[in-house]
1. Alpha carbons only, please: Rg and Dmax for the range 136-207, in angstrom.
2. Give the relative contact order (percent, whole number) for the chain; include only Cα pairs under 8 Å separated by 6+ residues.
3. What is the antiparallel percent of DSSP beta bridges lying wholly in the chain, to the nearest 5?
4. Would you list the P(r) distribution for the chain, with all Cα-Cα distances sorted into 20 Å bins from 0 and each bin expressed as a whole %?
5. As I understand it, the value is the acute angle between the Cα axis of helix 353-374 and the longest principal axis of the Cα atoms of the chain; what does it come to in degrees, rounded to 10?
6. Compute the angle between helix 39-58 and the longest alpha-carbon principal axis of the chain, please, reported from 0 to 90 degrees and rounded to the nearest 10.
7. Could you identify which residue out of 296, 347, 182 has the top mean-square fluctuation in a GNM of the chain using Cα springs shorter than 10 Å?
8. Using only Cα atoms, locate the centre of the range 6-65 and the centre of the range 133-185, then give the distance between them in Å, rounded to an integer.
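Nothing in this text is a laboratory measurement; each read-out follows from the coordinates by a stated rule. Being a predicted model, the structure only gives us computed values, none of them experimental. Neighbour counts are summed over all protein chains in view; Cβ atoms, including those assigned to glycine, are modelled from backbone coordinates with ideal geometry.
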């Protein structure tokens, strides 16, 4: 039995062989603790700092502003909880969007349950926020504005620089969940005015279980994990192999960003041309091309169940087990029925044209069968 065609890059990406090769020395032989004061520790420390420099370089940040974490979920939790509980923090309001990842929305809801105020701003039917709506939600009591760079379900790209200006105009800190944007689209923390930014490795062909939080110097947040304080307040022994993998994935992303974008764009255009009648959920232009979220007018059944030959999803992998319609698509005004019938296809560096053609043929066959039944 052949494996399904993998088109779920939004959930995770295949590990790049070059990343695996970079990680290999830091397992059996390079086992030293990066904070130990001996040869094994010094070598591991050097590998960690090289990785830190690769991550920082990709977003135009100073190396000391990068703190390693277990991934974007931890980074998002640290950014929101750390800022709202920071010493001297008197502001209590968080402003975010209805289409944010659950690790932001649920963290914000948790903070609201212990005394913070929460404002969730709606988005247009494109998935992009109306800058006027966001501006009207901001006031002098806002501590944090948190907006995703590239949406994980529909791939749309928010105007980070414009949002940052609004946040800073009222003295708020600007946080960006860049799990799906880091290494795929250019993100310059200086040009975009970003104060806190969450990233992860496994969306850019790196390993799972490692990420980072960028923190602009002088942005005060309390630690999420207490202990030895290894990562500027984030405690825990650093996983050298995983961090090396993140660093190499970031280095490769910087080298290949334009080529990866063009390859994803070619695949997207090929797929859309083959899928007659498909409607794109989200803005058709301001988006990462490696993410296609599609619905098919007239189809009212979960198509994903009819496509065992494809490894795809109907929304966020984090919410796949709930059976509820995507909160992102609901925020766009998509009906529950259409949301459950929508498909999220993700592709990129290692996806081939043959795989795209085969996927299109399978989807077209299923859609045609259901439309014929309705005729």
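1. 12.6, 41
2. Taking the mean separation of contacting Cα pairs over the length of the chain, I get 24 percent.
3. Numbers: 19 of 39 bridges.
The answer is about 50 percent antiparallel.
4. With a bin width of 20 Å, the distribution comes to 29, 55, 15, 0.
5. With rounding to tens, the tilt is 50 degrees.
6. Taking the Cα atoms of the chain, the angle to 39-58 is about 50 degrees.
7. 296
8. 28 Å
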